[in-house]
Amino acid sequence: MKTVKFTAMKDGDRDDYAFLTEHEIDYAAKTGERLLDALVQLDEGLSGYKITRLGHSLQAATRAWRNGADTDWLACALLHDIGDIYAPHNHDEYAASILKPFVREQCTWVVEKHGDFQRLYYAHHLGGNPHARDRFAGHLYFDDCDQFCERWDQSSFDPDYDTLPIDFFRPFVLEVFARRAYDATVIRAGERVPLIDSKVARTRTGASA
């Protein structure tokens, strides 16, 4: 069987959908590889900064690595702007929707809201509201998003920073997207894991928290 028999979904039978399920499982297993390929396209994204959007993403992930961040945080730091090309007006939500089935709830929330938190650094220059994030005041993950933006996002536009290459982060991304989607032991709703682990950071070359 190379294709399904139907031309309208309502006409499909058990064999058709068993066939499709097998293909979909195989396709989903390669999500991490496709995301890494897509990340490279950020090199052709929004210009004007001193580094490319890919360079920014890699630098954010490198800073996270050197702060002793765990795998979930590393993947999120690397992929937090993956939506810039296809969803420039809601890139944060776009990235969060990709990550949501495979990382902690904490990390998904931070990626989803980081756009509002980033406004703190620039919106006042453009007549906008730099305090858009205040509507989330008191949220369990508010301080995590604040740290994410301060330490890894807003600071990662430095062309002279010693940034690690994309292949360094490949194993972390593949590990994340090889997980079972929406596994409660991965999502860990309501749990917080620090962005910074000084003990781990000291074991990583060139690390400093």
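Residues in region 96-120 near a label at N90, defined as backbone nitrogen under 12 Å from the 7 Å Cα→Cβ point?
Only 96-97 fall inside the zone, counting backbone N under 12 Å.
Pick out which of V110, V176, V193 has the largest mean-square fluctuation in a Gaussian network model of the chain, springs linking Cα atoms closer than 10 Å.
Greatest mean-square fluctuation among the candidates belongs to V193.
D160 to T52: FRET efficiency via 1/(1 + (r/R0)^6), r the Cβ-Cβ distance, R0 22 Å, to the nearest 0.05? Write down the numbers at each step before the final one.
On the way: r = 15 Å, r/R0 = 0.67.
That pair, D160 with T52, gives E of 0.90.
Quickly estimate the mean residue ellipticity at 222 nm for the chain, helices only: each DSSP H run with n ≥ 4 gives -39500 (n - 2.57), and the total goes over all residues, rounded to 500.
Estimated from H runs of four or more residues: -14000 deg cm²/dmol.
Grab the Cα-Cα distance for D134 and K10, subtract it from 0.36 nm times how many residues apart they are, and report the gain in nm with one decimal.
Numbers: separation 124, 0.36 × 124 = 44.64 nm, distance 4.75 nm.
This chain segment gains 39.9 nm when fully extended.
Excluding same-chain residues fewer than 8 positions from K30, which aspartates and glutamates have a Cα within less than 12 Å of its Cα?
Candidates past the 8-residue exclusion: E175.
Taking 0.36 nm per intervening residue step and subtracting the Cα-Cα distance, what contour gain separates V40 from T205 on full extension? Could you put the intermediate results ahead of the total?
On the way: separation 165, 0.36 × 165 = 59.40 nm, distance 2.50 nm.
Contour length minus Cα-Cα distance gives 56.9 nm.
In Å³ and rounded to a whole number, note down the convex hull volume per residue for the Cα atoms of the chain. Mind dumping the intermediate values first?
On the way: hull volume 34.4 nm³, N = 209.
Cα convex hull per residue, to the nearest whole number: 165 Å³.
Using +1 on the beta carbon of Lys and Arg, -1 on that of Asp and Glu, and nothing else charged, what's the dipole of region 13-203 about the Cα centre, debye to 20? It would help to have the intermediate numbers written out before the result.
On the way: 21 positive and 33 negative charges, 131 e Å.
About 620 debye.
Quick note: the coordinates plus some simple rules give every number you see, no bench work behind them. Being a predicted model, the structure only gives us computed values, none of them experimental. For neighbour counting, all protein chains shown are included, and Cβ atoms are generated from backbone atoms with ideal geometry for every residue, glycine included.
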